[in-house]
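Trainee: Shown below is the structure under consideration.
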Amino acid sequence: MTTKLFGAPVQRREDPRLLTGQGRYLDDLGRDALAAAFVRSPHAHARVRDIDVSGALDVEGLVAIYTWEDLPERVGRALPLLIPHPALTHGRTAYPLARDVVRHVGEPVVMVVAADRYAAEDACALIEVDYEPLKPVVGIEEAVQGAQLVHEDVPGNVGAHLVQEVAAADGRGAREAIETSPHTLAFRLDIERSASMPLEGRGVYARWDGRDLRVYSSTQTSTSVRMAVAAALGLPLPQVEVIAPDVGGGFGVKIVHPWPEEVLVPWAAMTLGREVKWTEDRREHFVSSAHERGQVQYVRVGFDDDGRVLGLDVTILHDHGAYTPYGIIVPIVTSTQLLGPYKPGAYRVEFTAVYTNTVQVTPYRGAGRPQGVFCMERTMDKIARYLGKDRTEVRAANFIRPDEFPYDQGMTFQDGRPLIYDSGNYPEMLRMIKELIGWDTFERRPGLGIGIGCYVEGTGVGPYEGGHVQITSDGRVHVSTGLTSQGQGHETAFAQIAATELGVPIERVSVVTGDTRRFGYAVGTFASRAAVVSGNAIALACRKVREKALRIAADALEADPGDLDIADGIVHVVGAPSAAVPLSTVAVLANPLRYAFDEETAKATQFATAAAPDRPPVAEGEEPGLEGRDYYSPIRSTFAAGMHAAIVETDPDTAEIKVLRYAVVHDCGRLINPMIVEGQIHGGVAQGIGGALYERMVYDQHGQLVNASFMDFLMPYATEIPRVETGHLETPSPLNPLGIKGAGEAGVIPVSAVIASAVEDAEGIEINRMPISPSELFELRMG
Amino acid sequence: MKPPPFTYHAPRDLPAALRTLAEVGGKVLAGGQSLIPMLNMRLAAPGHVVDINRVAGLDGIEVSRAGVTVGALARHADVERAGAHPLLTWALKLVAHPAIRNRGTVVGSLVHADPAAELPAVLAVLGGHVRVARWDCGRVTFREIPAAEFFVGPMESAVGPGELAVSAFFPALEEGSGAAFHEVSRRHGDYALAGACAVVGVAGARVACIGVGGGPVVIDVGGDLSSAAARVRDAVDPDDDIHASAAYRRHLVGVLAERALRDAAREGAAARGA
């Protein structure tokens, strides 16, 4: 068989396990562990006056009750602000348990440990917390008014304020450019809150054996959790290991760390000398993890008769919820990625991140891009409408041309590095999406609309990832990388890379991710970065191993390493297939042995080989074993792109909105596995349709999340998702050895923009707010 | 999401079930599709749960010329498959998803009396009734509650403390009449934003609307279908909620009533060979 697997639609190797109930998720572990549960604040804003646990003490099975007062100083500290930024002048994070004031419904106040979750919840129900309710701040407008404060020491509720400005070629600023433009438009846009909502919530399980701590967490970053836990508990790093078992989706919410429970559960396990586990339930997930998306945008744009943007001025109000543990990454991404495939003349963007008494905001798949793309694509549609031009024509007039790469947008991206697009071909992509959806032959009629949306996504951010590759004496290849998997197909894609690089059948390759026992240095899985950063690191590690294998095989075959190749796991002399040695033997030869344990390894023992008497068995500069480790640290992000188009039908009587067709053209550079990329796109589009037509977090004036269940928070079912038609364009990235770009978030990014574009087309009513429901479309029709 | 402690009872026959209900009160567990989530979210904390799933003789689906009698343990899916009543079958296809229909019961849905549920509207538009049993002075007694009196308010039926709804009777469509059910839900299988089922016969037409009042809203349309939408909109009293405004629901239910009446009239005409 061929070993050229890179680029092939290999079926996902993890699926038989994950789809037949063989996955091992957090709650499948630690059957005998004690269970933790939390008393969470029922108030959006309140002072904790007193906690009376006496009513709970008689619950059968109760083991321990902890409040903030019970925590050691180190454990009770405010959680870290993970990504500081000079503009985040008033960053605030929560305490693991409420110290004094609770700032959103769901904030943990008391931790209960009991024999099982039933008893723990019974005890929680009997603990009485005396709250002094404070006036909550709900919604962006109330936050901006600043009459009530979420944090006493944060004036105006402003956590961060940042202005970025890119002048036009003639040196003029955006506002000046707009003033002198032939045409100008000004409008307001709104996007509501949604959330990651992984199938599996968060969860932590900890074991302490008196010396070493092992923590399992449903996380997107086991290495960082490890460092955070070791720091919080005052343990030397080598005594702490953190493992991400099978994780049932993350979509961003699990990159945040350490969560209160990630500190408290291990601490309780150490304190009690017992295994402790906490598994988040869905109601907890709604009110105590993280949300995203909520923004108000004020846009002013100036343009010429061709629809070319001469100046763009965007002011963003970003709802950050109660805390900013992940810094201001989301509004930074919105501000920068708003530009998409366009060069808007002069650009000014200003955002204010405000606190509200709601669940904190951290990145959710797309991470600020859906809002930015909504802004830019609505702008393009409005310009086209104003000029009476085809919407795709206006977009094309603003595209960065293929000969302009690398293209410097003149801004600073979320990784602190310049926003320079590495490669792309936007005109060709537009041609492909128009053909795929049938843009030019679409027959418009009332109640039928077509829409389009374009985006550029900075993917594969640094700082680095690593890969370790080991070939054992049975010929098997063991790949490990430190970042984690949440179902993306890493076991398959990374195995394809290793199999291709090493010339071995993929069946012989196994992949381990997110286990600090196997690989200690990593950043995590977010920002569509796993394939780019870990993929390249694994390829580089494989190349080291390959080089070593050829060197050893050359010795054994008395050939020149340059004349050797590897196919099907066998090193052979090119053109002389009989002169060959399998990698299993090479692995044996790489590790000189005193003791054999089977026939194969006997070949490496001291009397089996005619060793050179004047050379040490392991040559100077060599290491025993056929293994290698390498890292890939990207100079900056690589920029994937895509264009989506949809045809929607709106019912003239019921105002129902149905997506009839949905098409995607996608460019993530070289494809490792088109089937996996398409799967990522399908899932992303489904989440995007959720955000466009169904999902919203509904807070009432008291700061209560009134739809905190799957009964009322409407994620689309399969029945709501159309078949997604996909086309691929491959513009390799010049930045990394494999020429790849990230694909994980792509599907979700432009969907709200596309659906808004199509509904507007069908209805002739301007759509400035997403999501949109039948009831809202009805109200718009009524005027 | 674990329920608070409760005492569990699993009686084997109807007298035992009714005795238990008379003695301890408690909530009846049949399909559990509403009760179990409420327990797990600690929105309900009954001291006793009386599981009737082992009670013999409650799972029947009896068809006669007069109509269909559905026992308290007959699952949505079984009744749907039996196909014994065209309107009931149509409505059941709109109830939630297969997994829920495999467990949930028709009678349980009636007793639960959700104003957006389909089955109460079917019972109401057909003028059916629910048979209720209780333990009274050492013996089992029954009473029949007509649909018009059964749905007292949102999530409230006329089943009293200690009583168990043992069956529901859905009258057959009169000869030459037709029926239809239309609804709009946010997602396939969700509770409807609004809906309407209609029966149109020689003598006249009736429509029952859901999601627009405290229970199914029944309107006798008589022979004039052309003004039906307006009359329906006048008769209903919908609320705003997070999924739809009252104004939208009022508009929508008119559209759906019109559609249901039109389809029912067409079916009736076809049945008469007209």
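The values are calculated or read from the model by the stated rules, or taken from the named source; none is laboratory data. Bear in mind that the values here come from a model prediction, so they are computed numbers and not experimental data. Using ideal geometry, Cβ is built from the backbone for each residue, glycine included, and neighbour counts are taken over all protein chains shown. Note: accessible area is taken over every heavy atom of the protein model, side chains too, but ligands, DNA and RNA are not part of it. Shrake-Rupley method; radii C 1.70, N 1.55, O 1.52, S 1.80 Å.
Trainee: Assuming R0 = 35 Å, what is the FRET efficiency of A:Ala596 and A:Val574, from their Cβ-Cβ distance, to the nearest 0.05?
Mentor: That pair, A:Ala596 with A:Val574, gives E of 0.65.
Trainee: Check which residues have an amide H placed less than 5 Å from A:Ile570's amide H, if you skip close sequence neighbours.
Mentor: Those qualifying (amide H under 5 Å, at least 5 residues apart or on another chain) are A:Leu583.
Trainee: If you don't mind, there's one more thing I want to ask. Just how many % of Cα pairs in chain B lie over 23 Å apart, if you round to the nearest whole percent?
Mentor: Result: 52 percent of Cα pairs exceed 23 Å.
Trainee: Oh, and also: At 1.4 Å probe size, what's the solvent-accessible area of A:Tyr118? Round to the nearest 10 Å².
Mentor: Here the accessible area works out near 110 Å².
Trainee: Quick one: compute a quarter of the convex hull surface over the Cα atoms of the stretch B:7-49 and quote it in nm².
Mentor: That works out to 2.9 nm².
Trainee: Can you grab the distance from the C-alpha centre of the stretch A:186-242 to the C-alpha centre of the stretch B:179-228, Å, no decimals?
Mentor: Computed from Cα coordinates, the inter-centre distance equals 51 Å.
Trainee: Of the accessible area of the protein assembly as shown, with the probe set at 1.4 angstrom, what percent is carbon plus sulfur?
Mentor: 51 percent
Trainee: Out of all Cα-Cα pairs in chain A, roughly what percent, to the nearest whole number, are more than 35 Å apart?
Mentor: 50 percent
Trainee: Taking only DSSP H segments of four or more residues, each worth -39500 (n - 2.57), what value at 222 nm results for the protein assembly as shown once the sum is divided by all its residues, to the nearest 500 deg cm²/dmol?
Mentor: -8000 deg cm²/dmol
Trainee: At 20 °C and 1.002 mPa s, what whole-number value in µm²/s does Stokes-Einstein give for the translational diffusion of the stretch A:463-632, with Rh from the Kirkwood sum over Cα pairs?
Mentor: The estimated diffusion coefficient comes to 129 µm²/s.
Trainee: Distance check, please: which entries in A:Lys254/A:Lys277; A:Lys4/A:Lys544; A:Lys658/B:Lys93; A:Lys135/B:Lys2 exceed 22 angstrom between their Cα atoms?
Mentor: With Cα atoms farther than 22 Å apart: A:Lys135/B:Lys2.
Trainee: Enumerate the amide H contacts of A:His728 below 5 Å, restricted to partners 5 or more residues apart or on another chain; note that Pro and chain-start residues carry no placed amide H.
Mentor: Amide H neighbours of A:His728: A:His666.
Trainee: In terms of Cα to Cα distance under 22 Å, which lysines are near enough to A:Lys343, apart from those fewer than 8 places away along the same chain?
Mentor: List returned: A:Lys382, A:Lys389, A:Lys434, A:Lys741.
Trainee: Largest first and in whole Å, what are the equivalent-ellipsoid semi-axes of the stretch A:719-783 based on the Cα gyration tensor, each being the root of 5 times an eigenvalue?
Mentor: Gyration-tensor ellipsoid for the stretch A:719-783: 35, 13, 10 Å.
Trainee: Viscosity 0.890 mPa s, temperature 25 °C: give me the Stokes-Einstein translational D for the stretch A:635-783 in µm²/s, with Rh taken as the Kirkwood radius over C-alpha pairs.
Mentor: 146 µm²/s
Trainee: Considering only the other residues whose Cβ falls under 9 Å of the Cβ of A:Arg543, what net charge follows from Lys and Arg at +1 and Asp and Glu at -1?
Mentor: Counting the neighbours of A:Arg543, the net charge comes to -1.
Trainee: Sticking with this one: Using R₀ = 41 Å, calculate the FRET efficiency as 1/(1 + (r/R₀)^6) where r is the Cβ-Cβ separation of A:Thr605 and A:Leu199; round to 0.05.
Mentor: That gives a FRET efficiency of 0.20.
Trainee: I need the phi-derived Karplus couplings for the stretch A:31-44: 6.51 cos²θ - 1.76 cosθ + 1.60, θ = phi - 60°, integer Hz, Gly and Pro marked x.
Mentor: The phi angles translate into 4, 9, 6, 5, 10, 9, 9, 10, 7, 10, 5, x, 9, 6 Hz.
Trainee: A:Leu448's amide H: which non-local residues (gap 5+, or another chain) put their own amide H closer than 5 Å, with H modeled 1.01 Å from N in plane and none for Pro or chain starts?
Mentor: Here A:Thr650 satisfy the definition.
Trainee: For the stretch B:1-86, which trypsin sites (Lys or Arg not before Pro) pass both filters: DSSP loop (anything but H, G, I, E, B) and at most 12 other C-beta atoms within 10 Å?
Mentor: Answer in residue order: B:Arg12, B:Arg65.
Trainee: Follow-up question, since we're still on this one. Quick check: with the 1.4 Å probe, what order do B:Met1, A:Met376 take by accessible area, largest first?
Mentor: Order by accessible area, largest first: B:Met1, A:Met376.
Trainee: Could I ask something else about it? With a 1.4 Å probe and all protein chains kept in place, how much accessible area does B:Ile36 have, in Å² rounded to the nearest 10?
Mentor: So the heavy atoms of B:Ile36 present about 70 Å² to solvent.
Trainee: Next question. DSSP beta bridges in the stretch A:463-632, what fraction antiparallel, as a percent rounded to 5?
Mentor: 75 percent
Trainee: If you count only protein heavy atoms with a 1.4 Å probe, what accessible area per residue comes out for the stretch B:1-86, rounded to a whole Å²?
Mentor: Per residue, the stretch B:1-86 has an accessible area of 48 Å².
Trainee: Shifting gears a bit: Take A:Lys544, A:Lys343, A:Lys254 and sort them by solvent-accessible surface of the protein heavy atoms, 1.4 Å probe, largest at the top.
Mentor: I get A:Lys544, A:Lys343, A:Lys254, largest accessible area first.
Trainee: Could I ask something else about it? Given a 1.4 Å probe and heavy atoms of the protein chains only, how would you sort A:Tyr326, A:Tyr699, largest accessible area at the top?
Mentor: Solvent-accessible surface, decreasing: A:Tyr699, A:Tyr326.
Trainee: Provide the per-residue ³J(HN,Hα) series for the stretch B:69-84, in order, calculated from phi with Karplus coefficients 6.51, -1.76, 1.60 and θ = phi - 60°, each as a whole number of Hz, with x at glycine and proline positions.
Mentor: Working through the residues one at a time gives 9, 10, x, 5, 9, 6, 7, 3, 5, 5, 5, 4, 5, 4, x, 7 Hz.
Trainee: To continue, here is another question. Binning at 10 Å from 0, report for the stretch A:70-211 what percent of all alpha-carbon pair distances ends up in each bin.
Mentor: All Cα pairs considered, the percentages come to 7, 21, 30, 21, 11, 6, 4, 0.
Trainee: Quick check on the protein assembly as shown: of the DSSP beta bridges with both residues there, what percent are antiparallel, nearest 5%?
Mentor: 80 percent
Trainee: Could you run the Karplus curve 6.51 cos²θ - 1.76 cosθ + 1.60 with θ = phi - 60° over the stretch A:573-583 and give me ³J(HN,Hα) per residue in whole Hz, x for Gly and Pro?
Mentor: 7, 4, x, 9, x, 6, 7, 8, 9, x, 4
Trainee: Highest first, please rank the peptides B:137-144, A:614-621, B:262-269 by the mean number of other Cβ atoms sitting within 10 Å of their residues.
Mentor: B:262-269, B:137-144, A:614-621
Trainee: Under a point-charge model restricted to the Cβ atoms of Lys and Arg (+1) and Asp and Glu (-1), what is the dipole moment magnitude of chain A relative to its Cα centre, in debye to the nearest 20?
Mentor: The dipole magnitude comes to about 820 debye.
Trainee: State, to one decimal in nm², a quarter of the convex hull surface area for the C-alpha atoms of the stretch B:178-271, i.e. the direction-averaged projected area.
Mentor: So the mean shadow area of the Cα hull is 5.7 nm².
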